[in-house]
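Novice: Take this structure, written in structure tokens, and hold onto it; I'll ask about it next.
Values in this text are rule-based calculations from the coordinates and carry no lab data. No experiment lies behind these values; they were computed from the predicted model shown. With ideal geometry, Cβ positions are generated from the backbone for all residues, glycine too; neighbour counts draw on all protein chains shown.
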């Protein structure tokens, strides 16, 4: 049965229950930032993000898991309940899929007023090769009943959020859960999962924001209704007021980032670039859609010019882009924006949401272009 949620008797300061318009961060937000890292933007040069640079979000604690005692339980509305060791899962047919994962709260810290939570700027995205067995095969083996509505995934990480004690749980409807690309992954970039990335087994749902790819899997359960647990119906929603729940967050919106050119000023990260022809490059992605266009601007989005698209790492992974920029002396504000195959274009100003979800506004990089040296 699905694990029950319980009310706690306390509400920690800075648990995401309030907003602030100040351009400073609470100690609790900094504590979260120290625990959860983003990708250094210069790492966008790599088609696959090195594991040590991959962004990380851990809601609670990294659980202690020993392979020799760990088991995956598959049950609920099934005709053949399964209890599987990691070795038994690895003996099933396997696939390796490059997948771009992005946190649904990426960009939250740029909004005003800002939701108090993990203070992401633009760095909560990465791409890795994930190896595992297709979830569909396991569900077929278990024999899911035609009365099942959702497939519920429970992780071993437990904590308190909004005064509720719960294990991290998410669900997918049956059609989503049985897509061919959805994996029970046990390897990342050719090596066993590291503890912080969900060892020994995690869910990977290509095209969806990262909250769906439950880590440290403990159980998979076919249930006869929509799962309404905390991480499904009380957060990860596009809501604009506390009394209107809004639509659930699902697949990744179109987005692009550039490798900031030149060299950085230590504190502000403002870039220093020498005047002349330079190549600006980066990555763009669009969840389940393809990227059809990337544009570059050096005048803060007043005008746009097409960039050149390069290699796409995989069907559900980002694509390279580049632009040959004639950098003129002075202060410049660079932007990049992508368009997906459905015609969706990144906005220059992000529509505000209460929880700070699904931000895909154009990246803005301040650059100081120095005058060319005299001949």
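Novice: What does the extension gain come out to for residue 247 and residue 28, with contour length at 0.36 nm per residue minus their alpha carbon separation?
Specialist: Going from the current span to full extension adds 76.0 nm.
Novice: Shifting gears a bit: Summing -39500 (n - 2.57) over the DSSP H runs of n ≥ 4 in the chain and dividing by its residue number, what mean residue ellipticity at 222 nm do you reach, to the nearest 500 deg cm²/dmol?
Specialist: Calculated at 222 nm, the ellipticity per residue is -1500 deg cm²/dmol.
Novice: So if each residue of separation counts as 0.36 nm, and I subtract the Cα-Cα distance between residue 80 and residue 37, what length gain in nm does that give?
Specialist: Separation in residues times 0.36 nm, less the Cα-Cα distance, equals 11.4 nm.
Novice: Efficiency by 1/(1 + (r/R0)^6): what FRET value for residue 226 and residue 371, r their Cβ-Cβ distance, R0 = 56 Å, to the nearest 0.05?
Specialist: 0.35
Novice: Among 221, 311, 102, which one shows the highest mean-square fluctuation when the chain is modelled as a Gaussian network with alpha-carbon springs under 10 Å?
Specialist: 311
Novice: Of (1) 31, 22, 21; (2) 38, 24, 18; (3) 38, 28, 16, which is the value of semi-axes √(5λ) of the Cα gyration tensor in Å derived from the coordinates here?
Specialist: Of the listed options (1) 31, 22, 21; (2) 38, 24, 18; (3) 38, 28, 16, (2) comes from this structure.
Novice: Is the shape of region 270-336 rounded, prolate or oblate, going by the alpha carbon gyration tensor and its root eigenvalues a ≥ b ≥ c, with a/c under 1.5 for rounded and a/b larger than b/c for prolate?
Specialist: Because a/c hits 1.5 or more and a/b exceeds b/c, region 270-336 counts as prolate.
Novice: Could you check how many percent of all C-alpha pairs in region 137-243 are farther apart than 20 Å?
Specialist: Tail of the P(r) past 20 Å holds 43 percent of the pairs.
Novice: With springs only between Cα atoms under 10 Å, which of 158, 289, 31 fluctuates most in a Gaussian network model of the chain?
Specialist: Most flexible of the set in this elastic network: 31.
Novice: I would also like to ask the following. In which sequence would 238, 46 go, from the one with the fewest C-beta neighbours within 10 Å to the one with the most?
Specialist: 46, 238
Novice: Tell me the label-point distance for the pair residue 90, residue 180, using the 7 Å Cα-to-Cβ offset, in nm and rounded to one decimal.
Specialist: 2.7 nm
Novice: While we're on this one: Using the beta-carbon distance between residue 352 and residue 173 and R0 = 30 Å, what value does 1/(1 + (r/R0)^6) give for FRET efficiency, to the nearest 0.05?
Specialist: 0.55
Novice: What distance in nm lies between label points placed 7 Å from Cα along the C-beta direction at residue 267 and residue 146?
Specialist: Spacing of the two 7 Å Cα→Cβ label points: 6.8 nm.
Novice: Okay, next question. Select from 126, 21, 341 the residue whose mean-square fluctuation is largest in a Gaussian network model of the chain (Cα-Cα springs shorter than 10 Å).
Specialist: Most flexible of the set in this elastic network: 21.
Novice: Among 89, 151, 164, rank each residue by its count of other Cβ atoms within 10 Å, from fewest to most, as a rough exposure measure.
Specialist: Neighbour counts put them in this order, fewest first: 164, 89, 151.
Novice: Between residue 18 and residue 302, what FRET efficiency comes out of the Förster formula 1/(1 + (r/R0)^6) with R0 = 35 Å and r the beta carbon distance, rounded to 0.05?
Specialist: My answer for the efficiency is 0.45.
Novice: Using the Cα gyration tensor of region 94-172, with a ≥ b ≥ c the square roots of its eigenvalues, what is the shape: rounded (a/c below 1.5), prolate (a/b larger than b/c) or oblate (neither)?
Specialist: Oblate, because a/c is 1.5 or more while a/b does not exceed b/c.
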